[in-house]
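Trainee: The structure under discussion is supplied below as structure tokens; questions concerning it will follow.
The values are calculated or read from the model by the stated rules, or taken from the named source; none is laboratory data. All figures in this text were calculated on a predicted structure; none of them were measured in a lab. Because the Cβ atoms are built from the backbone with ideal geometry, glycine has one as well, and the counts that use them run over all protein chains shown. Just so you know, the surface numbers come from the protein's heavy atoms only, side chains and all, with ligands and any DNA or RNA stripped out. Shrake-Rupley method; radii C 1.70, N 1.55, O 1.52, S 1.80 Å.
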Amino acid sequence: MLCPLTMPASAQAPATVIWQVNSFDVNANVQQAERLLNGIATINATNVGTGPGRTLTLRLNSKASVKSVTVAGAAANFRPGQEPRGDLQRVEISLPAAVAPNGTVSTTVTYALPVESNSGLTAISPIATQFLPLAFWYPMPNTPYSVRGADTAPFHLTVNIPNAISSGVEKAGPTGSVTFDQSLYGQPFFVQGDWDKLEGAADAKGVIVMLEKGAGADDRKHAEALMAFTAAARAFYAASLGPAPDAPLRLVAVRRGAGFNDGGTVLFDADTLRLPKLDAATALAVAETVARLWIGGQAPVRGEGGGVLRDALVRFLATQFLEKQFGAEAVKSELYRQRLAYATVAQRDGPLARTSQLDSTYFASVPNRGAMFWRLVDRRLGRDVLMGVLRATLQAGKSDPNGFNLASVREALVARGGDSLKALLDQQLDQVVDTDLMVGLPVQRGADWVSALRNLGSIDVTVTVAATTEQGQEVRAEATVPAKNFGEAIFKTAGKIVRVEVDPDKLYPQLDYGNDMMPRGKDLSQALNEASLQLGAQDFPKAEATARAMLATAPRFQEAQIILDAFLRVYVRAGAEPLDDLAGSISHRQRTTDREAVSRGSSLDGHRVRSSVAGQGSRIGPDPYLNGRHHAGRSASWIHRAVSERANAEGILRAV
């Protein structure tokens, strides 16, 4: 007799333990003479996993020494070890009793962290002390290199030295100490220095600029303009995302760590206030800082793919604000930078939703390619619909234990955009980019002009194709090119077309942007590197020719315009004598920048050095605070600074 086989019940997923921080309470005691930070950190965490938690593992700077650990006020056993992800140590704490799912635990760690040399992440000195989150100066369960991303939570921070700045509400403590209570989700940090404080009023109420001590009238005037710009950003996001969080916005002038922002505080280069106008890098950093009050501040960003929200969406929103503030033409230069930054890693990039800060491509890819992705979604859905979806999911994320997460945002987007948008999301977020668009030389067909198009990628694309006639008139046509197939763009014009470009707004991330134009123009990334080398070699005629070639390809490319204007309009007109001095100054500044990049670096994820600007896969690698600024732009930024005083009189510096 045959008996039916009895199949076991479907296997259940193994029980997991996931710790989610509810709050930090950190007491930082800086010992200037000993170059030591003594810390006491209390972490209140919830087990959001499916199994009971018997241990709690915290990550901390590898140079820190843990003195003691208590759980719920009682001494606990712990075991230090090496963390495989990043140059960190892990502290595995044995809990006195298992913590059930949704149960909480309060753990206090007493530790000491020596500072052997100052960097942009950690520094102890009589004039400037700072500890930023990527120094891992306080213990945390999850780091930026984990799938869930770094822990953010409301925090209480006490610092024993005066003139310290963090985020949140500041209160004076006993014996010269200062405390900060942050009600938004953030990470504990502090910087200490000597500043003049400038507070905003009216629309800029709650905006504070910390200027270097003794700042002059011009610096204060520029600081007031920066406050007004910050207030305008806050009003812009409030109109789109809902009422602004009740939190102070602090803009702190520093000499180390410029570009870092968290919880409404941003560190910016002190020299920025000496420029005649607000520069693009500072404008973007401030705009992103304000956007993060909503994204990650009011509603915590959690879950896999958090970078698509935390960095990519924030950059997209910041770019939208810059466009509203300065106009679409003015913001094109920033879009060029984003494209250049992504192009350096396009051939080795991974799926957007699965890339973490442990990946070497993260800072060049996620904020920049991710911003392109959100521009595509914006184009498909429309601005009002997209903002409505974001506003609703942000509101839900404030009370949802899972926070503001990519999965819920995707679900809401598909509900509004249907299957066609789902296909776009799946390809852009879950797959490696393989899109590569090509355009052919225009030919006349009857009364029209036609250019052949080719799509080497695996998704259909609907793109704009721009043509320029002999008279300089621009004519645009829309075309849909199926995946792995051909198409054509038809231009309704009688004028002879001399130039054509597919996807001129560069909405689609691509493997290669060099074949988007016919006749082929100068590749911007390669040309900018060439111009930097030519300037270093004092080959000024070639530098001029390279700059003109870049502007022919990208008329709003700010770095090329700076090179051309600065050298031709200021120095060539005045005579050739100052050229050698300027080139020497730029070379000296560049060498200084490289040295400072090394001295300000930290050993994380195999990138032994992280500079103040992002690299193109070089050892001076991508910067976590400037989020993907391209390496080639570093030389141009120093050119910008080197000529600022003389160029001010000529009025040739471009703002944003």
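Trainee: If a paramagnetic tag sat 7 Å from the Cα of Asn515 along the Cα-Cβ line, which residues of segment 428-459 would have the backbone N under 15 Å from that point?
Mentor: 434-441, 452-458
Trainee: Also: Averaging over every viewing direction, what projected area does the convex hull of the Cα atoms of segment 393-502 cover, in nm²?
Mentor: Numbers: hull surface 36.4 nm².
Here the figure is 9.1 nm², rounded to one decimal.
Trainee: Across the Cα atoms of segment 64-140, what radius of gyration and what greatest pairwise Cα-Cα distance (Dmax) are found, in Å?
Mentor: 15.2, 48
Trainee: Here's something else I'd like to know. Nearest 0.05, what FRET efficiency do Lys496 and Lys197 give at R0 = 60 Å with Cβ-Cβ as r? Present the calculation step by step, with values, prior to reporting the outcome.
Mentor: Numbers: r = 62 Å, r/R0 = 1.03.
Taking R0 as 60 Å, the efficiency between Lys496 and Lys197 is 0.45.
Trainee: Counting only the heavy atoms of the protein chains, how much of Glu530 is accessible to a 1.4 Å probe, in Å² to the nearest 10?
Mentor: Accessible surface of Glu530 is approximately 50 Å².
Trainee: Return the distance in nm (one decimal) between the two label points of a simple spin-label model at Asn485 and Ser125, each offset 7 Å from Cα along Cα→Cβ.
Mentor: About 6.2 nm, to one decimal.
Trainee: How much of His156 can a 1.4 Å solvent probe reach, expressed as accessible area in Å² and rounded to 10?
Mentor: Here the residue's solvent-accessible area equals roughly 60 Å².
Trainee: Counting only the backbone N, which residues of segment 350-367 are under 19 Å from the spot 7 Å out from the Cα of Asp430 toward its beta-carbon?
Mentor: Once the point is set 7 Å along Cα→Cβ of Asp430, 350-356 turn out to lie under 19 Å by backbone N, inside segment 350-367.
Trainee: Cross-link list Lys221/Lys277; Lys205/Lys398; Lys171/Lys205; Lys277/Lys506; Lys221/Lys332: which exceed 20 angstrom alpha carbon to alpha carbon? Before the final figure, lay out each step's value.
Mentor: Working: Lys221/Lys277 11 Å; Lys205/Lys398 25 Å; Lys171/Lys205 18 Å; Lys277/Lys506 28 Å; Lys221/Lys332 27 Å.
From Lys221/Lys277; Lys205/Lys398; Lys171/Lys205; Lys277/Lys506; Lys221/Lys332, over 20 Å: Lys205/Lys398; Lys277/Lys506; Lys221/Lys332.
Trainee: Same structure again: Could you state the number of Å between the C-alpha centres of segment 284-310 and segment 324-352?
Mentor: 19 Å
Trainee: Going by Cα centres, segment 246-281 and segment 27-44 are how many Å apart?
Mentor: Segment 246-281 and segment 27-44 have Cα centres separated by 26 Å.
Trainee: Let me ask you something else. Would you mind computing, in nm to one decimal, how far apart the modelled labels at Glu224 and Arg379 are, each placed 7 Å from Cα along Cα→Cβ?
Mentor: 4.2 nm
Trainee: Could you work out how far apart the two model spin labels at Glu474 and Lys205 are, taking each label as a point 7 Å from the Cα in the direction of the beta carbon, and quote it in nm?
Mentor: 4.2 nm
Trainee: Short version: ³J(HN,Hα) in whole Hz for each residue of segment 330-337, in order, from phi by Karplus 6.51 cos²θ - 1.76 cosθ + 1.60 (θ = phi - 60°), x for Gly and Pro, what are they?
Mentor: The phi angles translate into 5, 7, 4, 4, 5, 5, 4, 5 Hz.
Trainee: Given charges of +1 on the Cβ of Lys and Arg and -1 on the Cβ of Asp and Glu, with all other atoms neutral, how large is the dipole of segment 135-246 about its Cα centre, in debye to the nearest 20?
Mentor: On the way: 8 positive and 12 negative charges, 41 e Å.
Using only the charged Cβ atoms, the result is roughly 200 debye.
Trainee: With point charges of +1 on the Cβ of Lys and Arg and -1 on the Cβ of Asp and Glu, referenced to the Cα centre of segment 260-354, which listed residue (Gly297, Gly264, Tyr342) lies farthest in the positive direction of the dipole?
Mentor: Of the options given, the answer is Tyr342.
Trainee: If one computes P(r) from the Cα atoms of segment 377-455, what percent of pairs lie at distances over 15 Å? Can you show the working numbers first?
Mentor: Values: 2095 of 3081 pairs.
Result: 68 percent of Cα pairs exceed 15 Å.
Trainee: Right, next: Taking only the C-alpha atoms, wrap a convex hull around segment 176-288 and report its volume per residue in Å³ as a whole number. The partial results should precede the final answer.
Mentor: On the way: hull volume 12.8 nm³, N = 113.
Roughly 113 Å³ of hull volume per residue.
Trainee: Only four residue types carry charge here, +1 at the Cβ of Lys and Arg and -1 at the Cβ of Asp and Glu. Report the dipole size of segment 30-91 about the Cα centre in Debye, rounded to the nearest 20.
Mentor: 100 debye
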